[in-house]
Amino acid sequence: MCNMNEEKNLFFDGADTVKLAEKYGTPLYVMSESYILERCHEIKRDYLNKYKNTRAVFASKAFLNMEMCRIIAREGLGLDVVSGGELHTAIKAGFPMERCVFHGNNKSYSEIEMAVSNDVGRMVVDSEYELEMIEGMAKDHNKTMPILFRITPGVDVHTHKFISTGQQDSKFGIPLNQDILYAYIRKAMEMKHVELKGFHFHIGSQLLDNTCHLMALDVLLDLLKKVKADLDFEAKEINLGGGFGIHYTGEEKRHDLSYFVDPMMENIYSKCEAYQLSIPEVTIEPGRWIVGEAGISLYTIGAIKEIPNIRTYVSVDGGMTDNLRPALYNAKYEAVIANKVNEAKEQLVTIAGKCCESSDILIWDIDVPPLEAGDILAVFCTGAYNYTMANNYNRLPRPAVVMVKEGQDRLMVKRETYDDLLGRDI
Ligand code: LLP
């Protein structure tokens, strides 16, 4: 997606990033529509069209606004939402509600009401408290809500502790303890206003290897066999979550979707045959894999401070407010100077944000050409969990989001203004 021109500027999906910085200001999120569409096409080619009875939903927590909803709707994917706010965005964008999957470990009464009254496609139930609320609400609306149970498969994944979710000790999901889970299933089977379709797991995020998904799937398929034998319940659907990793730095590699889905589908076919189960509908929920590499962030360099024999701090006009991931997960990023991409990298510096927080460092050590205030820094791979995790610490307005496609740019989300920051103050 990236290349350079004679002027030594970085181009992203055909657009000159230095000109984008001039036109829209910085900090700026730039998303490549071509990249997003490529990932959606890969999902269709290598999963939806290749395997019958499959669905893919985009995990909107990775990157969501109304235009993104419209793109996902056009591409024929579903949408995973996890809050009233995400659902409201989808409703307002006209997203087909039957393709929405509602997650979350503590959905509120009003969120459930919103989901039931708008006929959300699937509720992924995470607790007994929620199950009872959905049954009551659906009864009041004279409806039957299709549900899945989120289970905790008990798989410890190799990623940052803060983004692992499949281990036994987790706030997410129903523990795989037979007494507990069977009680849930019996209860749902007796209820008149929920229809239990099957089970869901999501084991964690930024997984570069497929072994944990395969282990969790084995646990799930064994469960399907047991609940059929013990409770006469045959799951019609399973949802395998997201978590497929991407390339942030040299050591990481984004695998093709086939690397994850092919062995999982093979296991489903072979085990269902062996267990005499009918093949369930299979859903996947990638978020980061669709949008992560589709985004870059542009910043303007300001103060440059050299501490002799220690390090040089190069400060930019954003930081942990627009990219919380380095401070929160020690996440690593690669970057270039967008207006000097061809120049020799002669110095090692640290890129600091502008927040009053020592952990507000975007990149600890990076080689760069000689720098001056006004240079534009482009940080790669910021399309997932950057804009959606942006915040207003130190009352910094959140950046604008621009969509580019083959050299054309359009504003997707306006930059927050100082007055926006006062908008809800009394
Ligand atoms: N499905 C469920 C139920 C999830 O909870 C998530 C992510 C996904 C799908 C999509 O996962 P993905 O394909 O994007 O890995 N803020 C963290 C990531 C948190 C992920 C939470 N759940 C980060 O910046 O790394």
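Points to keep in mind about this one:
- Selection count where residues are buried (at least 20 other Cβ atoms within 10 Å of the Cβ), within 11 Å of the ligand (Cβ to nearest atom) and β-branched (Val, Ile, Thr), scope region 62-87: 1
Residue-by-condition table, conditions (1) under 24 Å from residue 404 (Cα atoms); (2) within 16 Å of the ligand (Cβ to nearest atom); (3) hydroxyl-bearing (Ser, Thr, Tyr):
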| position | (1), (2), (3) |
| --- | --- |
| 27 | yes, no, no |
| 30 | yes, no, no |
| 35 | yes, yes, yes |
| 40 | yes, yes, no |
| 53 | no, no, no |
| 60 | yes, yes, yes |
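- Any hit, region 105-122, residues being open to solvent by 10 Å² or more (accessible area, probe 1.4 Å), within 12 Å of the ligand (Cβ to nearest atom) and within 23 Å of residue 54 (Cβ to Cβ): yes
- Cross-chain or 6+ apart pairs with Cβ under 7 Å, region 84-101 first and free of Cβ contacts under 8 Å to residues at least 60 places away in the same chain, then polar (S, T, N, Q): 84/110; 86/60; 89/65; 91/118; 97/118
- Of all the numbered requirements in (1) more than 16 Å from the ligand (Cβ to nearest atom); (2) more than 26 Å from residue 182 (Cβ to Cβ); (3) surrounded by fewer than 16 Cβ atoms within 10 Å (Cβ to Cβ); (4) not hydrophobic (A, V, I, L, M, F, W, C), residue 232 misses one, and that requirement is (2).
- Qualifying positions in region 321-349 - among the hydrophobic types (A, V, I, L, M, F, W, C), assigned to a loop (DSSP other than H, G, I, E, B) and farther than 24 Å from residue 370 by Cα: 324, 331
- Taken as a whole, the structure places residue 197 among residues that are touching a strand residue (DSSP E or B) at 6+ places or on another chain (Cβ under 7 Å), surrounded by 17 or more Cβ atoms within 10 Å (Cβ to Cβ) and of a type in the set (Lys, Arg).
- Set side by side, the residues 415, 325 differ, and just one is open to solvent by 40 Å² or more (accessible area, probe 1.4 Å), under 24 Å from the mean Cα position of the chain (by Cα) and among the charged types (D, E, K, R), which is 415.
- Just one of the listed residues (33, 22, 6, 67) is modelled with pLDDT under 95 and either more than 30 Å from residue 278 (Cα to Cα) or aliphatic (A, V, I, L, M) (or both), and it is 6.
- Scanning region 259-286 for residues that are under 19 Å from residue 78 (Cα atoms), more than 13 Å from the ligand (Cβ to nearest atom) and not β-branched (Val, Ile, Thr) yields a count of 2.
- Residue count, region 385-412 (criterion: open to solvent by 70 Å² or more (accessible area, probe 1.4 Å) and hydrophobic (A, V, I, L, M, F, W, C)): 1
- Looking only at region 335-384, and only at residues there that are within 16 Å of the ligand (Cβ to nearest atom) and among the hydroxyl-bearing types (Ser, Thr, Tyr), the one that is surrounded by the most Cβ atoms within 10 Å (Cβ to Cβ): 382
- Residues in region 379-398 that are of a type in the set (Ser, Thr, Tyr) and in a loop (DSSP other than H, G, I, E, B): 382, 385.
- Residue within region 26-42 that is under 30 Å from residue 150 (Cβ atoms), open to solvent by less than 30 Å² (accessible area, probe 1.4 Å) and acidic (Asp, Glu) present: yes
- Any pair with Cβ under 8 angstrom, 6 or more apart, that starts in region 117-145 at a residue that is more than 18 Å from residue 186 (Cβ to Cβ) and ends at one that is of a type in the set (Phe, Trp, Tyr) and open to solvent by less than 30 Å² (accessible area, probe 1.4 Å): 120/102; 122/102; 123/102; 124/102; 124/149
- Some residue of region 287-304 being more than 18 Å from residue 333 (Cα to Cα) and either within 16 Å of the ligand (Cβ to nearest atom) or surrounded by 24 or more Cβ atoms within 10 Å (Cβ to Cβ) (or both): yes
- Meets criteria (more than 14 Å from the ligand (Cβ to nearest atom), aliphatic (A, V, I, L, M) and crowded, with 20+ Cβ neighbours inside 10 Å) for residue 90: yes
- Verdict on residue 213 being out of contact with any helix residue (DSSP H, G or I) (no Cβ under 8 Å at 6 or more places or on another chain), within 14 Å of the ligand (Cβ to nearest atom), at negative phi and modelled with pLDDT of 95 or more: no
- Residue check, residue 199 within 13 Å of the ligand (Cβ to nearest atom), in a loop (DSSP other than H, G, I, E, B) and within 23 Å of residue 57 (Cα to Cα): no
- Within region 239-297, the set of residues being among the aromatic types (Phe, Trp, Tyr), in a loop (DSSP other than H, G, I, E, B) and within 16 Å of residue 207 (Cβ to Cβ) comprises 248 only.
- Residue, modelled with the highest pLDDT, within region 135-169, restricted to residues that are within 11 Å of the ligand (Cβ to nearest atom), closer than 28 Å to residue 251 by Cβ and buried (at least 17 other Cβ atoms within 10 Å of the Cβ): 157
The values are calculated or read from the model by the stated rules, or taken from the named source; none is laboratory data. Because the structure is a prediction, the values reported are computed rather than measured. Cβ coordinates were reconstructed from backbone atoms using ideal geometry, including for glycine residues, and neighbour counts include every protein chain displayed. Keep in mind that these areas ignore ligands, DNA and RNA; they rest on the heavy atoms of the full protein, side chains included. Shrake-Rupley method; radii C 1.70, N 1.55, O 1.52, S 1.80 Å.
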